[in-house]
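Read through the structure below, which is laid out as structure tokens, and then see the notes.
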Amino acid sequence: MSTTRSLHDMGQSLWLDNISRTILDDGTLARYIADFSVTGLTSNPSIFNEAVGGSDAYDEGMRKKAGEGKSGEALFIELALEDLRRAADLFKPVFEATDGVDGWVSMEVSPLLASDTAGSIAAAQAIHDQGDRPNLFVKIPGTPEGVPAIEESIFAGVPVNVTLLFSTAQYLAVAEAYMRGLERRLEAGLDARVASVASLFVSRWDRAVADKVPADLHNTLGIAVAQQTYKAYRELLESPRWQKLAARGAQPQRMLWASTGTKDPNASDTLYIEALAAPDTINTIPEKTLHAFADHGRLSGVMAVDGGDSEATLARFSAAGVDIAALADRLQVEGAEAFVKSWKELLQTIESRSRSLAGEERGG
């Protein structure tokens, strides 16, 4: 049995951390579904920037939409949702077979809204409506301003992929927002079936401290934070508050491991996939890492529900001078800033490409 299939059978979903018109057109995504048990995908501004800027696959769509008077963010969202609808339709059999637990795709609200609660709520609703697929998550960052937007979006029935989480405390804040949104729905006479996932970024921890701690601590911080957060996730699912919601039909807000490509060339290229194997979770995985894991990855058990040795590992980082809570906040801010940078670059790419295509048409 393949390692990817073993992960799937153990109860972890493998989602592709990539989308492009090319992998849809040439059948690559369909092959990943068939051969590697991929059951969903995620996107972000960096991924779309690379997809749009790195090929001519979007030229025809850009030319048509620009001719209709569309530009900038509106043009991009239409292009992105065209891709994501196609991907969502490929995953629809999984979505239906799992009663809506799996088979999702994700689209980000503008990163420029990371500190704008009202703007995020409005944008999430607009993307949900325009996306027109039951298995489309709208990604909202778990920033302090994003937390109330998550609650309101869940209350409004918008499925949310909470992104840019870096710590157990940040995860628990958005889990609270998810439960509040569901509880308010029930109070209003609405059903509790609104899906959500909570995305914890892992490898960025290790990159942030690589030059600040002894060699024997390299590439262990992200996994320790994930172990600690997984413990909190399992405890929350056992809590009376959650059990009450589950009895009314609510689905768990599944834990999703993000940023799981290995950044350190001296570490195993399947490090985070093997370490984060756990039932009732998702690992969203870059293409390169997916191929590596399918080729030579190994599974040696699942994550401990009690957090394993995470507390001891985190204590060693504290002793080495790492302020973990402060670093979590900094990583979230830097992550939001990086997405803003990619978003602006993406819109610049679309603008220049649209101008170039318009020039070609005028030139005949």
Please list the non-local residues whose amide H lies under 5 Å from the amide H of residue 137, H modeled 1.01 Å from N, same-chain partners needing a gap of 5 or more. 105, 106, 107
Virtual spin-label span in nm between residue 9 and residue 30, 7 Å along Cα→Cβ: 2.7 nm
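By how many nm would the segment from residue 299 to residue 348 lengthen if fully extended, with 0.36 nm per residue of separation less the alpha-carbon distance?
Numbers: separation 49, 0.36 × 49 = 17.64 nm, distance 4.27 nm.
The span from residue 299 to residue 348 would gain 13.4 nm if fully extended.
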Over the Cα atoms of segment 152-254, how large are the radius of gyration and the largest Cα-Cα distance (Dmax), in Å? 16.2, 55
Provide the per-residue ³J(HN,Hα) series for segment 208-214, in order, calculated from phi with Karplus coefficients 6.51, -1.76, 1.60 and θ = phi - 60°, each as a whole number of Hz, with x at glycine and proline positions. 5, 10, 4, 9, 10, 10, x
Going through the cross-link list 65/139; 139/231; 92/263, which pairs have a Cα-Cα distance over 29 Å in this structure? 92/263
What number comes out for accessible area per residue over segment 169-283 if the probe is 1.4 Å? Units Å², please. 38 Å²
Using only C-alpha positions, report the orientation-averaged shadow area of the convex hull of the chain, nm², one decimal. 18.5 nm²
Looking only at aspartates and glutamates whose Cα falls under 13 Å of residue 288's and that sit 8 or more positions away or on another chain, we get 17, 269
Acute angle (nearest 10 degrees) that the helix 324-363 long axis makes with the longest principal axis of the chain, alpha-carbon atoms: 10 degrees
Pop a pseudo-label 7 angstrom from the Cα along the beta-carbon direction at both residue 241 and residue 193 and give the gap in nm to one decimal. 2.5 nm
Tell me the angle of helix 168-187 to the major Cα principal axis of the chain, expressed in degrees between 0 and 90 and rounded to the nearest ten. 70 degrees
List, largest first, the extents of the alpha carbons of segment 298-364 along their principal axes, each in whole Å. 67, 33, 17
accessible surface per residue for segment 51-90, probe 1.4 Å, DNA/RNA/ligands not counted, whole Å² -> 43 Å²
Using only Cα atoms and rounding to the nearest 10 degrees, what angle (0 to 90) does helix 146-155 make with the longest principal axis of the chain? 80 degrees
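What Kirkwood hydrodynamic radius do you get for segment 210-302 when you take the inverse of the mean 1/r over all pairs of distinct Cα atoms, in Å? Intermediate values should be presented prior to the final figure.
On the way: mean 1/r = 0.0667 Å⁻¹.
Here the Kirkwood hydrodynamic radius works out to 15.0 Å.
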Which percent of the accessible heavy-atom area of the chain goes to carbon and sulfur, probe 1.4 angstrom? 52 percent
If a paramagnetic tag sat 7 Å from the Cα of residue 288 along the Cα-Cβ line, which residues of segment 200-229 would have the backbone N under 18 Å from that point? 202-208, 219
Hz values of 3J(HN,Hα) by residue in segment 246-256 - Karplus curve (6.51, -1.76, 1.60), Gly and Pro given as x: 4, 5, 9, x, 6, 9, x, 7, 5, 6, 10
Quick one: give the max-minus-min coordinate of the C-alpha atoms of segment 120-209 along each principal axis, largest first, in Å. 47, 27, 20
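The values are calculated or read from the model by the stated rules, or taken from the named source; none is laboratory data. Keep in mind that this is a model prediction, so the values were computed, not measured. Methodologically, a virtual Cβ is constructed for each residue, glycine included, from the backbone with ideal geometry; neighbour enumeration extends over all protein chains shown. These area figures cover heavy atoms from the full protein model, side chains too; ligands, DNA and RNA do not enter into them. Shrake-Rupley method; radii C 1.70, N 1.55, O 1.52, S 1.80 Å.
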